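The values are calculated or read from the model by the stated rules, or taken from the named source; none is laboratory data. Computed from a predicted structure; not experimentally measured. Positions of Cβ are backbone-derived with ideal geometry, glycine not excepted, and every protein chain shown enters the neighbour counts.
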Amino acid sequence: MAHHGFINDMLDVKLLILYVTDRLLYPVEVQTLYELCLQDDKLSYFDVVEAVPQMVESGHLAETEGGFVITEKGRQTAAITKDSLAWPVCQKAAAAVERYNREVRRDSFIRTEVLEQPGGEALAVMQLRDEVGSLFTLEYSCPSARQAALLTKAFPARADRLYRLITETLTAKEDPEEKTP
């Protein structure tokens, strides 16, 4: 059975890695880099694992505390070679990187913490931020650290929705029939 794809050799793998890392806003681990580059049937995890150290050695990538990032040399090479990759691979990789950047950026605005309280109780502290500061902080008293951990684990997926719901509820015009004594 013939394999279909555009990645034919290690040079193609490295060009794809440069294409992807040039668009990343954050450092990435090798596994994430592989997932972002996996836009072609011929690419394997082992190709990426082999290419990344070679690219660090050649000065195209740098390893930081948070993962791998492209260097200035890598950016220059990416600019020169960007047309060497097949258009479908570039389109898929660019879309994957855009989703990844959006998710990491969003996650950076969410903070959660479980604070142990006397008597075995716990406080779940959940915060949604933006570039300027805190949009809202919710402190939820829980009978146990386990329950607080469950709340803080669920919060990131629902933070935007909670913010919208709270804002809509607080800014809604009051219905005279709904007044409570």
Practice task
Kindly check whether there is at least one residue in region 50-60 that is in contact with a helix residue (DSSP H, G or I) (Cβ under 8 Å, 6 or more places away or on another chain) and at positive phi.
Solution key: yes
Completion exercise
Residues of region 92-122 being out of contact with any Leu (no Cβ under 6 Å at 6 or more places or on another chain), of a type in the set (A, V, I, L, M, F, W, C) and over 19 Å from Gly66 (Cα atoms), in sequence order, are Ala93, Ala94, Ala95, Val114, Ala122
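Would you call Ala93 in contact (Cβ under 8 Å) with a residue 60 or more places away in the chain, under 23 Å from the mean Cα position of the chain (by Cα) and buried (at least 17 other Cβ atoms within 10 Å of the Cβ)?
Numbers: in contact (Cβ under 8 Å) with a residue 60 or more places away in the chain: yes; under 23 Å from the mean Cα position of the chain (by Cα): yes; buried (at least 17 other Cβ atoms within 10 Å of the Cβ): yes.
So Ala93 passes the test.
If you check Ile7 against the conditions, is it more than 25 Å from Arg106 (Cβ to Cβ), surrounded by 14 or more Cβ atoms within 10 Å (Cβ to Cβ) and among the hydrophobic types (A, V, I, L, M, F, W, C)?
When the stated conditions are applied, Ile7 passes them.
Would you point out the residue of region 98-149, among those that are basic (Lys, Arg) and part of a strand (DSSP E or B), that is surrounded by the fewest Cβ atoms within 10 Å (Cβ to Cβ)?
Here the residue is Arg129.
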Fill in the blank from the handout: Going through (1) in the same structural domain as Met55 (by TED's automatic domain parsing); (2) exposed (fewer than 15 other Cβ atoms within 10 Å of the Cβ); (3) over 25 Å from Val56 (Cβ atoms) one by one, Lys82 fails only at (3)
Completion exercise
Here the qualifying pairs (Cβ atoms under 6 Å; residues six or more apart or on different chains; first in region 60-77 and in the same structural domain as Pro27 (by TED's automatic domain parsing) and outside any loop (DSSP other than H, G, I, E, B); second surrounded by 14 or more Cβ atoms within 10 Å (Cβ to Cβ) and among the charged types (D, E, K, R)) come out as Ile70/Asp22; Arg75/Asp22
